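Let me begin by presenting the structure, written as C-alpha cells, before commenting on it.
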There are 2 protein chains.
Amino acid sequence: MQETGSPKLTEQHRELLDQVLDKWSLQVLDALCERPLRFNDLRRVIPVVTQKSLTAALRRLERNGMVERIVTSTRPVAVEYRITQLGRSLQELIDALLHWTTVTLPAVERARARFDDHA
Amino acid sequence: MQETGSPKLTEQHRELLDQVLDKWSLQVLDALCERPLRFNDLRRVIPVVTQKSLTAALRRLERNGMVERIVTSTRPVAVEYRITQLGRSLQELIDALLHWTTVTLPAVERARARFDDHA
DNA sequence: CAGCATCCATCATGATACTG
DNA sequence: CAGTATCATGATGGATGCTG
C-alpha cells in the first residue's frame, strides 16, 4: 500500500492542526508574521479577542514552538511575542489556505445559495 | 489593491476555513477522496464518529459545495456521498497541511517537551 | 439504511475583578 | 503592562431511542 504523498491523518496530526489552526491562532500568526508584537498590541490588532482567549492561543502556540515569548525585565515588564521559524513555515500554508478561500469563495457562495434554496 | 499572495483573513474567509477544516470534515474529505462512500461506510471508515457529528459534517460540507449527496431511490434508500471538484481542490491543501505536520511534528514535540519541562 | 429528536455532560467563551 | 482567577453561559459532542 503505497500512497504517493497521501497523508496519514492520525490523531497526532489532527491534534496538531487543531492546536494551530483555530480561530485565534490564525490571526495571531498572521499578525506576528509582519513584526513582533506585545500582548496589548495583539489585542489592538485583533480587536474582538478577549485576554483569556488571546492568552490561551499564545500559550498553545508557544508550547507548540510556533511563537517565542520574550520577556524584558524592565520596570513594568514588557513581553514580546515573535513568530518562530516553525511558525513561518505554517504561515505559508495558512496563506495558501487563505488564497484558496479567496479563489473558491464565489463558488462556495453559489453552493450555499443552492443548498439553502432547495433545502 | 493588489496583494500578491498576501491574505486578507476576513471573517468570511475564517468562517469558511472553520467550516471545512474541522475535526470530522478533514477525515470525511480524506475518506471520500479515494472513492464515493455511503453513510454507514463513512461511519466504519471513521470509527469513532457519532452519527450526529457525521451528519453535521456532511451537511456542512454539502452546503459549502465540497461533497455531493446522491440519493438512489431504491428500496431502502441508498445515499452516496462523493467529493466535488471544489472538495478536491481543498484536499490538496489538506494534504499539504498533513505533510507539514509530518515534517514538523518532531520539532513540535521537542518544543512541547521544553515548554512542559520549564513551565 | 440513513437519518432526526432528545437529553445530558463537557467545554469553550465571555464578563468581571484582582495582581506582580 | 501582562496577565491570573472566578463565575456564568452558550455552543458542542456523545448516548439513546425512534422513523420513512
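Here are B:LEU58, B:LEU54: which of them is within 13 Å of another protein chain (Cβ to nearest Cβ), part of a helix (DSSP H, G or I), at pLDDT 95 or above and more than 23 Å from A:LEU26 (Cα to Cα)?
Values: B:LEU54 fails: within 13 Å of another protein chain (Cβ to nearest Cβ).
Exactly one of B:LEU58, B:LEU54 is within 13 Å of another protein chain (Cβ to nearest Cβ), part of a helix (DSSP H, G or I), at pLDDT 95 or above and more than 23 Å from A:LEU26 (Cα to Cα), namely B:LEU58.
Considering only residues of region B:84-94 that are more than 8 Å from chain A (Cβ to nearest Cβ) and open to solvent by less than 10 Å² (accessible area, probe 1.4 Å), which is nearest to A:ASP18 (Cα to Cα)?
Going residue by residue through region B:84-94, those that are more than 8 Å from chain A (Cβ to nearest Cβ) are B:84-85, B:87-88, B:91-92.
This time we only want the ones that are open to solvent by less than 10 Å² (accessible area, probe 1.4 Å), so: B:87, B:91.
On the way: B:GLY87: 20, B:GLN91: 16 Å.
Of everything passing the filter in region B:84-94, B:GLN91 is nearest to A:ASP18 (Cα to Cα).
Surrounded by 19 or more Cβ atoms within 10 Å (Cβ to Cβ) and facing chain A (nearest Cβ under 10 Å): which single residue out of B:LEU97, B:LEU105, B:LEU32, B:LEU42 fits that description? If you could, list the steps in order and put the result at the bottom.
Details: B:LEU105 fails: surrounded by 19 or more Cβ atoms within 10 Å (Cβ to Cβ); B:LEU32 fails: facing chain A (nearest Cβ under 10 Å); B:LEU42 fails: facing chain A (nearest Cβ under 10 Å).
Matching residue, one of B:LEU97, B:LEU105, B:LEU32, B:LEU42: B:LEU97.
Has region A:58-66 got any residue that is more than 23 Å from B:ARG110 (Cα to Cα), open to solvent by 50 Å² or more (accessible area, probe 1.4 Å) and near DNA strand D (Cβ under 8 Å from one of its atoms)?
We begin by selecting, within region A:58-66, every residue more than 23 Å from B:ARG110 (Cα to Cα); these are none.
No, that holds for no residue.
Out of all the residues in region B:29-48, which are free of Cβ contacts under 8 Å to residues at least 40 places away in the same chain and in a helix (DSSP H, G or I)?
B:ALA31, B:GLU34, B:ASN40, B:ASP41, B:LEU42, B:ARG43, B:ARG44, B:VAL45
The values are calculated or read from the model by the stated rules, or taken from the named source; none is laboratory data. Not measured: the values here are computed from a predicted model. Glycine also receives a Cβ, built like all others from the backbone with ideal geometry; neighbour counts cover every protein chain displayed. Quick note on the areas: whole protein, heavy atoms, side chains included, nothing else; ligands and nucleic acids left out. Shrake-Rupley method; radii C 1.70, N 1.55, O 1.52, S 1.80 Å.
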